[in-house]
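For reference, the structure is listed below as structure tokens.
The values are calculated or read from the model by the stated rules, or taken from the named source; none is laboratory data. Since this is a predicted model, take the numbers as computed values, not measurements. No Cβ is skipped: glycine too gets one built from the backbone with ideal geometry, and neighbour counts run over all protein chains shown. Side chains are part of the model used for accessible areas, which takes the heavy atoms of the whole protein and leaves out ligands, DNA and RNA. Shrake-Rupley method; radii C 1.70, N 1.55, O 1.52, S 1.80 Å.
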Amino acid sequence: MTGNGRATVLVVDDEAAVAEGHAAQLSDEYEARVAIGGHEALSAMNDGIDVVLLDRRMPDLDGEAVLERLREGGYDCRVAMLTGVDPDFDIIDMGFDDYLKKPVSADALNETVGGLLRRSRYDTRLRRYFSLASKVAVLETEHDRAELAAEPDYVELCERLAELRAELDDTLDELSTRDGYAVAAGGSSG
């Protein structure tokens, strides 16, 4: 976050008008910065960036390569792919936190950034859970049940998601018991 308490969002696209338009849509709530292309995105990165909105197809350095370098560089930012590319099974192994297909409304953009910032407050397992759940949701939107059931990577993804959910439930139960928190399904207790 910046010194003024606002989260910093880096909008990356190879089309300046698109990047600047998205940044303008975010500027009321966030400090929005723009990078034109993958190389400029990497040059603009620092530990003060909270969220990156990353185009997937860029001619100089594509979004997948930028994402890989961000993760290798140890940047602790949330990344949403913001792209016109239809999601397919190749997204399973990508290290992004959310996936938005263009065109995206200002409301959806702001909701996504807000959601990514909320997620960043949770522990590593919960962030991983949201990332996997997002991938399952995207794939279920784009493919029918028979195709999904026949895809081993999708089946494994669902199994990993279920295992992680069980771990999170166990942790919540442990915290509730040990620390005296009362947790009721669907709302507050009492």
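Assorted remarks:
- Taking the criterion of being of a type in the set (D, E, K, R), within 18 Å of Gly37 (Cβ to Cβ) and out of contact with any strand residue (DSSP E or B) (no Cβ under 9 Å at 6 or more places or on another chain), the residues of the range 63-91 that qualify are Glu68, Arg69.
- Candidate set: the range 111-120, residues that are within 18 Å of Arg33 (Cα to Cα) and without any contact (Cβ under 8 Å) to a residue 60 or more places away in the chain; chosen: the one least open to solvent (accessible area, probe 1.4 Å): Thr112
- Restricting the range 38-81 to residues that are among the basic types (Lys, Arg) and assigned to a helix (DSSP H, G or I) leaves a set whose member that is most open to solvent (accessible area, probe 1.4 Å) is Arg69.
- Within the range 111-140, the residues that satisfy the criterion of being basic (Lys, Arg), at pLDDT below 90 and outside any loop (DSSP other than H, G, I, E, B) are Arg118, Arg119, Arg125, Arg127, Arg128.
- Residue pairs meeting the criteria (Cβ under 9 Å; at least 6 apart or on separate chains; first in contact (Cβ under 8 Å) with a residue 24 or more places away in the chain and farther than 16 Å from Ala137 by Cβ, in the range 147-169; second aliphatic (A, V, I, L, M) and in a helix (DSSP H, G or I)): Leu168/Leu126
- Looking only at the range 19-32, residues that are part of a helix (DSSP H, G or I) and open to solvent by 40 Å² or more (accessible area, probe 1.4 Å) come to 3 in all.
- Condition check for Gly84 on (1) open to solvent by 50 Å² or more (accessible area, probe 1.4 Å); (2) in contact with a Leu (Cβ under 9 Å, 6 or more places away or on another chain): one failure, at (2).
- Residue-level analysis places Ala35 among those that are open to solvent by less than 60 Å² (accessible area, probe 1.4 Å), over 17 Å from Glu111 (Cα atoms), small (Gly, Ala, Ser) and part of a strand (DSSP E or B).
- Consider the range 87-110 and keep the residues that are assigned to a loop (DSSP other than H, G, I, E, B) and small (Gly, Ala, Ser). The one that is least open to solvent (accessible area, probe 1.4 Å) is Gly95.
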